[in-house]
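Q: What follows is a single structure, and I will ask about it in a moment.
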Amino acid sequence: MKRLLTGIKPSGELTLGNYIGAIKQMVAEQDNYETFMFIADMHAITVRQDPKELKERIRKLLALYIACGMDPNKNKIYLQSENEYIASLSWILECHTYYGEASRMIQFKEKSKNNENFSVGLLTYPILMAADILYCDADYVPVGIDQVQHVELARDIATRINNVYGNIFKMPEAMVKESAIKIKDLKDPLKKMSKSEDNPQGSIALLDDINVIRKKIMGATTDSEMRIVYDMDNKPGISNLINIATSLSDYSKEDIEKMFEGKNYGEFKRFVADIVCDEISKIQEKYNELINSDILDKILDEGIKESRKLAKEKYDLLREKVGLIR
Ligand code: TYM
């Protein structure tokens with residue numbers, strides 16, 4: 001069975017973008033693949049975190065994974081930092097990555113811009129991500145489009161290592177669902193919807209109050225035309241809402257364009273809000289049942305076992321090949 005793997009950072013509140021870009025794809029594929037889904041807590045600390053808050057967010061994210069439909073019996077669900085072999089593997093990968101490659105990453109450039117005090121971890125972030133992906137020979141990595149460049153880097157590093165030491169790593173592929181291309185900020189649809197709280201009105205958190213979510217969608221930036229058609233270049237706001245609606249329903253873009261021909265933006269936004277609120281209410285209901293349950297710790301205890309076993313095997317193999325051996 002082919003293997004699927006993805007992770008999410010427990011930084012900020014989980015958004016509709018994360019849900020559509022990563023979680024929903026994993027849920028849809030959990031019967032067709034062997035799936036690994038982890039909480040990328042080590043990636044979260046590339047930016048300084050409050051330890052108490054981080055701990056809480058890890059638990060919340062785990063509860064949300066399950067509430068969103070990840071089945072712990074079908075998936076290996078684990079906490080990245082509990083697998084110490086990943087960081088060890090990452091070090092060897094770092095030593096096979098050029099500074100130029102790492103510093104060319106768009107996310108690094110964006111996050112280090114106008115910021116003199118960024119951590120080195122922000123630069124090596126995608127290499128740790130390569131270790132996450134390569135240790136278990138993942139075939140596919142469901143991500144939003146913003147992470148595709150990082151998966152490409154993982155492939156470059158894997159190719160280099162395979163060329164030098166023989167066939168160590170499998171070549172992973174990013175899996176990007178067309179409608180999950182990139183969910184944009186509701187207020188500024190040229191930016192991606194992100195967890196950072198700089199513009200809470202533009203971002204929908206899965207744990208936002210349902211009425212607040214409805215208001216955010218009704219207040220989404222559109223344009224001065226009155227045409228509901230998909231055109232990302234000229235109508236990014238409307239196109240983003242169409243993307244959200246198609247990602248969460250069986251409607252296609254064409255269906256929506258047809259259904260809303262001659263209708264106004266208010267009606268269309270209500271339609272999108274109904275779809276989003278319906279899906280998120282169900283998630284919140286399950287989340288509330290789970291958050292205080294001790295089942296969450298059991299899930300992580302179970303999930304880490306296979307992950308550690310595989311990572312140790314890969315690390316030991318590469319260590320020996322590289323010459324880190326007595
Ligand atoms: P994070 O937490 O920033 O994002 C988690 C996932 O959500 C996707 N995503 C989006 N997709 C569509 N529209 C958006 N607006 C949007 N915002 C976020 C991201 O593309 C991502 O798939 N570096 C990873 C975490 C990670 C990882 C890995 C992923 C660490 N190691 C190994 C895959 C494989 C990240 O971006 O997390």
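Q: Which of the residues that make up segment 247-284 are of a type outside the set (Lys, Arg), in a helix (DSSP H, G or I) and touching a residue at least 40 places away in the same chain (Cβ under 8 Å)?
A: 247, 265, 266, 268, 272, 273, 276, 277, 280, 281, 283, 284
Q: Just give me the residues in segment 157-170 being in contact with a helix residue (DSSP H, G or I) (Cβ under 6 Å, 6 or more places away or on another chain) and part of a helix (DSSP H, G or I), in sequence order. Talk me through it step by step, then tell me what you get.
A: Pass one, segment 157-170, residues in contact with a helix residue (DSSP H, G or I) (Cβ under 6 Å, 6 or more places away or on another chain): 157-158, 165, 168-169.
Scanning segment 157-170 gives 157, 158, 165.
Q: Return yes or no: is residue 83 among the polar types (S, T, N, Q) and surrounded by fewer than 22 Cβ atoms within 10 Å (Cβ to Cβ)?
A: no
Q: Moving on. Return yes when residue 17 is more than 20 Å from residue 133 (Cα to Cα), open to solvent by less than 40 Å² (accessible area, probe 1.4 Å), modelled with pLDDT under 95 and not in a helix (DSSP H, G or I) and no when it is not.
A: No: the conditions fail for residue 17.
Q: Given (1) crowded, with 20+ Cβ neighbours inside 10 Å; (2) more than 8 Å from the ligand (Cβ to nearest atom); (3) not acidic (Asp, Glu), identify the lone condition not met by residue 51.
A: Unmet condition: (1).
Q: Is there a residue in segment 171-188 that is assigned to a helix (DSSP H, G or I), without any contact (Cβ under 8 Å) to a residue 60 or more places away in the chain and surrounded by fewer than 22 Cβ atoms within 10 Å (Cβ to Cβ)?
A: Yes, the conditions are met somewhere in segment 171-188.
Q: Here is a further query. For residue 94, state whether it is at pLDDT below 95, open to solvent by 30 Å² or more (accessible area, probe 1.4 Å) and either more than 13 Å from the ligand (Cβ to nearest atom) or at positive phi (or both).
A: Criteria not met by residue 94.
Q: Where residues in segment 20-36 are assigned to a strand (DSSP E or B) and more than 16 Å from residue 151 (Cβ to Cβ), which of them is farthest from the ligand (Cβ to nearest atom)?
A: Here the residue is 34.
Q: Report yes if some residue within segment 258-276 is farther than 27 Å from residue 203 by Cα, at pLDDT 95 or above, aliphatic (A, V, I, L, M) and surrounded by fewer than 15 Cβ atoms within 10 Å (Cβ to Cβ); otherwise report no.
A: No: zero hits.
Q: Limited to segment 285-300, what total is found for residues that are part of a loop (DSSP other than H, G, I, E, B) and over 12 Å from residue 64 (Cβ atoms)?
A: 3
Q: Working carefully through the options 40, 102, find the one that is within 15 Å of the ligand (Cβ to nearest atom), of a type in the set (Gly, Ala, Ser), touching a strand residue (DSSP E or B) at 6+ places or on another chain (Cβ under 8 Å) and open to solvent by less than 10 Å² (accessible area, probe 1.4 Å).
A: 40
Q: When only residues in segment 190-246 that are open to solvent by 80 Å² or more (accessible area, probe 1.4 Å) and of a type in the set (A, V, I, L, M) count, which is farthest from the chain's Cα centre (by Cα)?
A: 226
The values are calculated or read from the model by the stated rules, or taken from the named source; none is laboratory data. In this text the structure is predicted, and so the values were computed from the model without any measurement. Note that each Cβ is placed from the backbone with ideal geometry, even for glycine, and that neighbours are counted across all protein chains shown. SASA here: full protein model, heavy atoms, side chains in, ligands and nucleic acids out. Shrake-Rupley method; radii C 1.70, N 1.55, O 1.52, S 1.80 Å.
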